[in-house]
Amino acid sequence: MTKWSLCLLALVLHVSATTAAENLQIPTGHYQGVETTTFAHKVLFLREDGSGGLVTAHMSAAFSNPSRQTFTADAVNCSALRCTIRLAQSEVLLTPDVADGWHVIESFKNETGEHVLSEPYRLSTVATAPVAVRFVERNRDKVLQLQKQTEKRSALYLGVIDSGSSLKTVALFEHADGTFELENYATDRVVSVPHEKHALTGDVNGFELVPENALFKLRLHKIGSRLIGHQLFQQANGEVLDLQPAQFVRVQLTH
């Protein structure tokens with residue numbers, strides 16, 4: 001082998017090694033997010049051997065009866081720019097988020113292999129337990145009570161508030177007396193915060209939920225089984241400092 005051939009071979013091996021070293025890797029652990037079109041809570045988990053799974057639990061069912069797709073290490077393929085995970089019912093394309101986690105496009109195909117649907121969402125690292133697990137553990141008895149009621153005077157809404165950098169999962173419990181309780185799962189410690197309901201002038205389907213400190217409020221509009229609106233942060237003089245989109249879906253509880 002000539003000196004030139006040896007140099008060329010060394011260059012090829014160096015480029016190949018560099019390319020392989022630059023390929024993305026999905027660290028082991030749990031990642032969670034919400035697909036806001038269907039209000040589906042997603043949890044992606046990876047084990048040390050490269051296998052893992054994707055769990056989908058719908059907010060409209062209070063995270064009950066989640067579906068689970070598992071995969072082996074062979075189903076994960078990463079390049080320098082993205083990772084792809086082949087699942088039994090879908091394919092997940094992941095690109096890194098600048099701050100934390102992954103931007104995801106989950107694609108679905110029909111029985112003939114034709115693409116029929118794509119769902120975008122963002123996954124962030126789970127520090128403790130996934131939101132769905134924390135909600136069920138905290139509110140199992142409360143959900144059962146709602147399920148047993150006959151007059152349907154109380155209700156539960158689950159949804160998200162978009163802070164810009166992340167989606168905050170929030171639960172809204174509507175009581176028979178017209179008051180609400182809000183639980184924000186963006187923090188490790190979840191506290192139920194009472195809110196009073198106030199009608200909006202000139203809007204029969206609109207209302208505001210105001211906590212005791214009144215520093216922030218939810219202004220929502222009811223459309224079918226959904227609540228669409230914003231969370232407002234205001235000064236004492238009424239000046240709005242921040243406006244964050246919010247949307248919720250009513251939980252359909254069956255006996």
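The values are calculated or read from the model by the stated rules, or taken from the named source; none is laboratory data. Keep in mind it's a predicted model, so treat the numbers as computed, not measured. No Cβ is skipped: glycine too gets one built from the backbone with ideal geometry, and neighbour counts run over all protein chains shown.
Yes or no: V170 outside any helix (DSSP H, G or I), touching a Leu at 6+ places or on another chain (Cβ under 9 Å), of a type outside the set (F, W, Y) and touching a residue at least 24 places away in the same chain (Cβ under 8 Å)? Quick ask: steps written out before the conclusion?
Numbers: outside any helix (DSSP H, G or I): yes; touching a Leu at 6+ places or on another chain (Cβ under 9 Å): yes; of a type outside the set (F, W, Y): yes; touching a residue at least 24 places away in the same chain (Cβ under 8 Å): yes.
Here the answer is yes, as V170 does meet what is asked.
Restricting the first residue to region 70-96 and requiring it to be in contact (Cβ under 8 Å) with a residue 40 or more places away in the chain and assigned by TED's automatic domain parsing to the domain that holds T28, which pairs with a second residue that is loosely packed, with under 14 Cβ neighbours inside 10 Å and assigned to a helix (DSSP H, G or I) meet a Cβ separation below 8 Å and a spacing of at least six or different chains? The qualifying pairs are A80/T19; A80/E22. The residues in region 172-223 that are of a type in the set (D, E, K, R), modelled with pLDDT under 90 and either in contact with a Lys or Arg (Cβ under 7 Å, 6 or more places away or on another chain) or not assigned by TED's automatic domain parsing to the domain that holds V143 (or both) can be counted, and the count is 0.
Say we look at region 173-193 and pick out the residues that are of a type in the set (A, V, I, L, M) and assigned to a strand (DSSP E or B); which of these is nearest to T38 (Cα to Cα)? The residue in question is L182. Select from region 110-151 the residues that are in contact (Cβ under 8 Å) with a residue 12 or more places away in the chain and among the polar types (S, T, N, Q) and write down the one among them that is farthest from H175 (Cα to Cα). Here the answer is S118. D100 meets the conditions (1) surrounded by fewer than 14 Cβ atoms within 10 Å (Cβ to Cβ); (2) in contact with a Ser or Thr (Cβ under 6 Å, 6 or more places away or on another chain); (3) at pLDDT 95 or above in every case but one. The failed one is (3).
Being of a type outside the set (V, I, T) and in a strand (DSSP E or B) is the filter here, so list the residues in region 127-167 that pass it.
Quick first cut of region 127-167, residues of a type outside the set (V, I, T) only: 127, 129-130, 132, 134-135, 137-142, 144-149, 151-159, 162-167.
Within region 127-167, A155, L156, Y157, L158, G159, D162, L167 meet the criteria.
Of the residues making up region 145-159, those that are hydrophobic (A, V, I, L, M, F, W, C) and modelled with pLDDT of 95 or more number 2.
Restricting attention to region 57-110, the residues being farther than 28 Å from Q252 by Cβ, within 15 Å of the chain's Cα centre (by Cα) and aromatic (F, W, Y) number 1.
Determine if region 236-249 includes at least one residue that is aliphatic (A, V, I, L, M), buried (at least 18 other Cβ atoms within 10 Å of the Cβ) and in contact with a Ser or Thr (Cβ under 9 Å, 6 or more places away or on another chain).
yes
Yes or no, residue by residue, for (1) at pLDDT below 95; (2) exposed (fewer than 14 other Cβ atoms within 10 Å of the Cβ):
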| position | (1), (2) |
| --- | --- |
| L8 | yes, yes |
| L13 | yes, yes |
| T19 | yes, yes |
| A62 | no, no |
| A73 | no, yes |
| R82 | no, no |
| L93 | no, no |
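For the condition loosely packed, with under 11 Cβ neighbours inside 10 Å and either in contact with a Ser or Thr (Cβ under 6 Å, 6 or more places away or on another chain) or free of Cβ contacts under 8 Å to residues at least 24 places away in the same chain (or both), T254 does not qualify.
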